[in-house]
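J.: My questions all concern the structure below.
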Amino acid sequence: MGHDMSLSSASKTETASQKDANMQWGGRFAGGPSEIMQAINASISFDKALWKQDIAGSLAHAAMLAHVGIISKDDETAIRNGLTAIGQDIEAGRFEFSEALEDIHMNIEARLSDRIGEAGKRLHTARSRNDQVATDFRLWVRDAIDGVDQQVASLMRALARRAEEHAADPMPGFTHLQTAQPVTFGHHLMAYVEMLARDRGRLADTRKRLNECPLGSAALAGTSFPIDRSMTAGLLGFDRPTANSLDSVSDRDFALEYLSALSIMAMHLSRLAEEIVIWCSSPFSFIRLSDAFTTGSSIMPQKRNPDAAELVRAKTGRITGSLVSLLTVMKGLPLAYAKDMQEDKEPVFAATDAATLSLAACDGMIRDMTANTKQMRALAGSGYSTATDIADWLVRVLKVPFRTAHHVTGRLVAKAEEKGVDLADLSLAEMQAEEPGITDDIYSVLTVEASIASRTSEGGTASTNVLREARKWQEALAADAPSTSANSAAQ
């Protein structure tokens with residue numbers, strides 16, 4: 001009798017959340033999970049971000065089930081109406097998510113059954129949470145790629161416009177962060193357009209590879225129901241169904257490729273941000289950012305800190321860390337699905353947030369910055385930056401072997417350093433002491449403008465090249481510009 005009383009007492013004290021969990025799992029589990037198990041097992045706190053994709057996948061699945069006769073048209077209509085209403089509730093903030101139901105899939109399915117009854121319980125026919133989450137996650141990453149791609153295109157447009165504006169403005173070009181040769185500010189900015197174009201290419205490649213639909217692979221082995229996987233793939237905008245059910249539910253290459261593309265892009269943004277920090281510093285003073293993208297100091301009233309750029313630089317760690325995190329999760333998993341893979345989403349969500357914010361900040365800073373072209377021009381000729389032009393002149397005019405010309409020029413630089421003057425300030429006699437064939441014509445190549453104008457090789461810094469490339473890219477990117485008033489306002 002005491003034993004019966006104990007069972008009765010346990011039944012009365014079972015929590016509502018345990019009952020919810022038991023209802024979903026059916027007859028296999030008699031007791032509810034411990035609080036620790038529930039806490040480690042639940043993913044609703046973050047995977048609720050997939051709600052749009054989950055509803056889209058379920059709508060496609062229900063339409064297919066009805067089409068092949070697995071469920072009735074009436075059931076499909078009820079499911080469609082129920083899911084639409086749930087989507088409206090989530091968007092309006094009226095949906096209460098339950099941790100006991102673990103994830104977004106079971107939260108929506110349970111609410112659907114509450115709303116429409118038996119028809120809702122038929123939705124999960126011929127699918128598993130394994131192929132369901134793989135599909136939802138692919139849809140989410142695909143949407144994220146499209147959004148990031150548009151942001152990259154916007155930043156490229158901003159850079160190309162500023163490059164056209166500064167196509168003829170000299171600045172020092174650096175190697176090892178030491179003055180090397182004069183370039184133009186426009187040419188420097190266009191280098192980042194090229195980097196970002198490769199980033200878009202990697203994102204496009206990732207999108208193309210991920211655009212196969214896992215839905216219908218079920219838990220790992222496919223299903224015995226006569227489903228039409230090509231139909232669901234088509235309804236969801238995928239190119240085709242995935243080919244192997246084991247791979248379908250266990251693959252996260254698409255997420256890894258996406259994080260890899262974001263990591264390379266973040267590295268490019270970090271390089272740009274680092275240069276913005278350098279350019280803003282007093283010893284350089286190449287550019288100025290407005291109050292919109294700088295902060296002050298709590299103690300030094302004169303300070304204008306480029307904090308937006310510094311934070312873009314720092315967020316690279318979050319993004320590359322997310323890639324390493326997911327690689328580590330996946331590295332030792334046997335086929336097919338394992339709960340470890342629940343840890344796939346938070347790194348992707350976090351990296352996307354960091355990347356989109358970094359892109360927005362870089363876009364804003366490029367549009368906001370004011371270039372100090374006078375300062376750039378003053379430093380463009382420093383550090384004997386036209387030395388290579390002397391060597392080239394010796395080769396071109398006197399037919400001196402380049403290595404010999406290099407040595408002659410080196411001696412001229414040493415002489416100028418010893419006298420504390422620029423190369424152009426050396427007398428003709430001083431130059432002829434190192435190479436008798438030198439004539440007055442050599443002074444024609446010793447100006448910053450002449451050096452830049454001479455670099456006409458494809459990809460060179462000559463202003464004509466920069467203008468052509470900047471305009472070419474603006475024309476190419478015009479097709480990617482959203483035709484909205486918001487975009488116009490952003491310009």
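The values are calculated or read from the model by the stated rules, or taken from the named source; none is laboratory data. From a predicted model like this one, the values you see are computed outputs, not experimental measurements. Cβ: placed from backbone, ideal geometry, glycine included. Neighbour counts: every protein chain shown. Only protein heavy atoms, including side chains, enter the accessible area calculation; ligands, DNA and RNA are left aside. Shrake-Rupley method; radii C 1.70, N 1.55, O 1.52, S 1.80 Å.
J.: Express in nm, to one decimal, how much length is gained between Glu418 and Thr356 on full extension, taking 0.36 nm for each residue of separation and deducting their alpha carbon distance.
T.: Stretched out fully, the Glu418 to Thr356 stretch lengthens by 17.2 nm.
J.: In whole Hz and in residue order, list the ³J(HN,Hα) couplings for segment 118-126 that follow from phi through the Karplus curve 6.51 cos²θ - 1.76 cosθ + 1.60, θ = phi - 60°; x for Gly and Pro.
T.: Once θ is set to phi - 60°, the couplings for segment 118-126 become 4, 4, x, 6, 8, 4, 7, 4, 6 Hz.
J.: Compute the projected area of the convex hull of the Cα atoms of segment 209-268, averaged over all viewing directions, and report it in nm² to one decimal place. Could you put the intermediate results ahead of the total?
T.: On the way: hull surface 18.1 nm².
Averaged projected hull area, Cα only: 4.5 nm².
J.: For the chain, calculate the relative contact order in percent as a whole number, restricting contacts to Cα pairs under 8 Å that are 6 or more residues apart.
T.: 16
J.: Less than 17 Å apart at the alpha-carbon level, and either on another chain or at least 8 residues along: which lysines does that give for Lys331?
T.: Correct list for Lys331: Lys339, Lys345.
J.: Next question, about the same structure. Could you state the accessible area per residue of the chain in Å², with a 1.4 Å probe and every protein chain left in place? Intermediate values should be presented prior to the final figure.
T.: Numbers: 23440 Å² over 491 residues.
Using a 1.4 Å probe on heavy atoms only, each residue of the chain averages 48 Å².
J.: Which log10 I(q)/I(0) values, to two decimals, does segment 40-123 give at q = 0.11, 0.17 Å⁻¹ under the Debye formula with one point per Cα?
T.: -0.28, -0.64
J.: Under unit Cβ charges (Lys, Arg +1; Asp, Glu -1), what dipole magnitude, rounded to 20 debye, does segment 318-403 have relative to its Cα centre?
T.: 560
J.: For Met171, list long-range residues whose amide hydrogen, built 1.01 Å from N in the peptide plane, is under 5 Å from its own amide hydrogen.
T.: Residues meeting the criterion, in which the H sits 1.01 Å from N, are Val183, Thr184, Phe185.
J.: What percentage of the solvent-accessible surface of segment 384-477, computed with a 1.4 Å probe over protein heavy atoms, is contributed by carbon and sulfur atoms?
T.: Roughly 55 percent, rounded to a whole number.
J.: Provide the three semi-axes, in whole Å and in decreasing order, of the ellipsoid equivalent to segment 410-457 as defined by the square roots of 5 times the Cα gyration tensor eigenvalues.
T.: Equivalent ellipsoid semi-axes, largest first: 20, 13, 9 Å.
J.: In whole Å, largest first, what are the principal axis extents of the Cα atoms in the chain?
T.: The Cα atoms of the chain stretch 116, 54, 46 Å along the principal axes, largest first.
J.: Hey, which of these cross-link pairs are over 23 Å Cα-Cα: Lys374/Lys415; Lys73/Lys121; Lys374/Lys472?
T.: Violating the 23 Å Cα-Cα cut-off are Lys374/Lys415; Lys374/Lys472.
J.: Also, I was wondering about something else. From the mean inverse distance of alpha carbon pairs (Kirkwood) and the Cα radius of gyration, derive Rg over Rh for segment 384-477.
T.: Ratio of gyration radius to Kirkwood radius: 1.10.
J.: Between 0 and 90 degrees, rounded to the nearest ten: what's the tilt of helix 73-92 against the longest Cα principal axis of the chain?
T.: 50
J.: Under the Karplus relation 6.51 cos²θ - 1.76 cosθ + 1.60, θ = phi - 60°, what is the ordered set of whole-Hz ³J(HN,Hα) values for segment 254-271, x standing for Gly and Pro?
T.: Listing the rounded values in order: 4, 6, 5, 4, 4, 5, 5, 4, 5, 5, 5, 4, 4, 4, 5, 5, 5, 5 Hz.
J.: Nearest 10 degrees, 0 to 90: what angle lies between the long axis of helix 345-368 and the longest principal axis of the chain (Cα atoms)?
T.: The two axes meet at around 40 degrees.
J.: Between segment 156-230 and segment 343-415, how far is it from one alpha carbon centroid to the other, in angstrom?
T.: 21
J.: To continue, here is another question. If I fit a long axis through the Cα atoms of helix 402-419 and take the longest principal axis of the Cα atoms of the chain, what angle between them do I get, 0 to 90°, rounded to 10?
T.: For 402-419 against the chain, the angle is about 70 degrees.
J.: What list of ³J(HN,Hα) couplings, whole Hz, do you get for segment 186-196 from phi and the Karplus terms 6.51, -1.76, 1.60, once you set θ to phi - 60° and write x for glycine and proline?
T.: x, 5, 4, 5, 5, 4, 6, 4, 5, 4, 5
J.: Sorted by packing (mean other beta-carbon atoms within 10 Å per residue), highest first, where do 464-471, 354-361, 411-418 land?
T.: 354-361, 464-471, 411-418
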